[in-house]
Amino acid sequence: MKNLFIITVSFLLSFSYSQAQILAGTLNVTGMPSFTQSVNAVVVEAGIDDATVGFESNFDATKIGFVLDPILLVSSSLLCEQNVYRYSVYINSVNAPANIILEAKTTVNSGIRFPTVSIYDTLLIKPLGQRNLTPSNGGNYIVVPNNPTQAVKIMEFIGCRKDIPIQFRIKPSSLCPAGIYNIEINYTVIASLTL
Amino acid sequence: MKNTDYILAALFTLCFVVCGAQEILNVTISSNFIFGGGQQSNFATLSLQPIAIIDAEPDPSNTISFGLNSSTLEAGLPATGIGGIATNDNIWLNYTYRASNLANAKIYVRTNQIVPAGIVLKIQVITATSIGGSFIANQNSSPITLSTTEQILINSFASGYTGNGLGTGYNLRITVENQSGLSLPSGFEIIYEIK
């Protein structure tokens, strides 16, 4: 039993700390979200904060994807088929004005598997599970930290994936002056072999 | 160690690996994403509308009635008001204000029609309270004799909101001096304006 314990622990820990074996990939981010508050999205009851209303971007205001980089003559598609990892996506913002709440979300299995068909899908036992996307918070909005160092996990997916839509919602307090602001939104992807 | 201890230890390790996924990530530590991960950013533009809405609570039943008590009228005696002077302390002023170009605002008060001779209408802010609001009180505490000329009721203030309903915002006292029991013209209104 003791040997079994040691083997089990070693196996699990090797999955956690074997990131150096993971192939390099590229995070692709497209789309420049534009949040324009319409007069219909403004609070109408005097005394109430405008943050209680909020307004959304298009569902695909930004799209992200992550694929493995080609190596010599081996294409990204083939590498993604043969090397399936778990990817966790974190999001944070920088320079958002004070008294603004920025939220983001995606939906279950949004985006497109890359490649769409893979040998991995036919395996009886898939080490990391199906090549699916699981949004954090059940697909409901998550507050994006306006913090240059801290990011919150918005989703995770198994295997390479493209065109994952991200929708945003802004809850602007009345304390934030009217005007036009630029907000930098950062996306960080971590790859792992963790179960 | 007993076998059960090994099993518990293995389960604990499994939970550490599977359940211990961090929701928050320090994105300044490049080792978090350098092996197989990535980091990108995009920019969003945010455009917010200015807001200036004001409300006299209770709403919509904020009509103030003064007058003679018909049950006390007696033929042959003078028809007088309730002591000639009546007050109402039950009106609360709520507002939500989002500045444009950081410009402060004021709240003005006036009547929409000329106050008949023989009647004196006064208004005074007697207190400021915040329940669920966010504002810095800056009222003109002196009684104001109302006329069609706008006068400052609330001095300069920045973006904020008072909270909604009775008991929050600015509590007004309206006094009617009406020694002769005159009537106000039909459609007479007290107008509050935020600008």
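Just one of the listed residues (A:ASN95, A:ASN146, A:ASN140) is surrounded by fewer than 16 Cβ atoms within 10 Å (Cβ to Cβ) and under 16 Å from A:ASN186 (Cα atoms), and it is A:ASN95.
Evaluated against (1) within 14 Å of chain A (Cβ to nearest Cβ); (2) of a type in the set (Val, Ile, Thr); (3) more than 16 Å from B:ASP55 (Cα to Cα), B:THR145 falls short on exactly one condition, (1).
Could you tell me whether the stretch A:47-65 includes any residue that is touching a Gly at 6+ places or on another chain (Cβ under 9 Å), within 7 Å of chain B (Cβ to nearest Cβ) and without any contact (Cβ under 8 Å) to a residue 24 or more places away in the chain? Scanning the stretch A:47-65 turns up at least one residue that is touching a Gly at 6+ places or on another chain (Cβ under 9 Å), within 7 Å of chain B (Cβ to nearest Cβ) and without any contact (Cβ under 8 Å) to a residue 24 or more places away in the chain.
Residues that are within 18 Å of A:ASN109 (Cβ to Cβ) and within 8 Å of chain B (Cβ to nearest Cβ) within the stretch A:134-155 comprise A:SER136, A:LYS153, listed in sequence order.
Just one of the listed residues (A:ILE48, A:ILE100) is crowded, with 19+ Cβ neighbours inside 10 Å, touching a helix residue (DSSP H, G or I) at 6+ places or on another chain (Cβ under 9 Å) and closer than 30 Å to B:GLY133 by Cβ, and it is A:ILE100. For the stretch B:1-71, the strands (runs of 3 or more DSSP E) that sit wholly inside it and include 2 or more residues that are crowded, with 19+ Cβ neighbours inside 10 Å and either at pLDDT 75 or above or over 38 Å from the mean Cα position of the chain (by Cα) (or both) are B:38-48, B:51-57. One residue stands out among those in the stretch A:20-45 that are under 17 Å from A:SER173 (Cα atoms), among the aliphatic types (A, V, I, L, M) and surrounded by 17 or more Cβ atoms within 10 Å (Cβ to Cβ): the one that is farthest from the other protein chains (Cβ to nearest Cβ), which is A:ALA41.
Of everything in the stretch A:157-171 that is more than 8 Å from chain B (Cβ to nearest Cβ) and crowded, with 21+ Cβ neighbours inside 10 Å, the residue that is nearest to B:GLN49 (Cα to Cα) is A:ILE166.
Residues that are over 11 Å from the mean Cα position of the chain (by Cα) and of a type in the set (S, T, N, Q) were ranked within the stretch A:106-137; the one that is surrounded by the most Cβ atoms within 10 Å (Cβ to Cβ) is A:SER118. Evaluation of B:LYS106 against the conditions (1) more than 12 Å from B:PHE157 (Cα to Cα); (2) more than 14 Å from chain A (Cβ to nearest Cβ); (3) modelled with pLDDT of 95 or more shows that the sole unmet condition is (1). Checked against (1) assigned to a strand (DSSP E or B); (2) of a type outside the set (Val, Ile, Thr); (3) at pLDDT 90 or above, B:ALA86 meets all criteria but (3). Out of curiosity, is B:PHE135 among the hydrophobic types (A, V, I, L, M, F, W, C), within 14 Å of chain A (Cβ to nearest Cβ) and touching a residue at least 60 places away in the same chain (Cβ under 8 Å)? When the stated conditions are applied, B:PHE135 does not pass them. Of all residues in the stretch A:172-194, those that are more than 7 Å from chain B (Cβ to nearest Cβ) have Cβ atoms under 6 Å from Cβ atoms of residues that are part of a loop (DSSP other than H, G, I, E, B), 6 or more apart or on another chain, in A:SER173/A:ASP49; A:SER173/A:ASN99; A:LEU193/A:SER18.
The values are calculated or read from the model by the stated rules, or taken from the named source; none is laboratory data. What you see is a predicted model; the values in this text were computed from it and never measured. Using ideal geometry, Cβ is built from the backbone for each residue, glycine included, and neighbour counts are taken over all protein chains shown.
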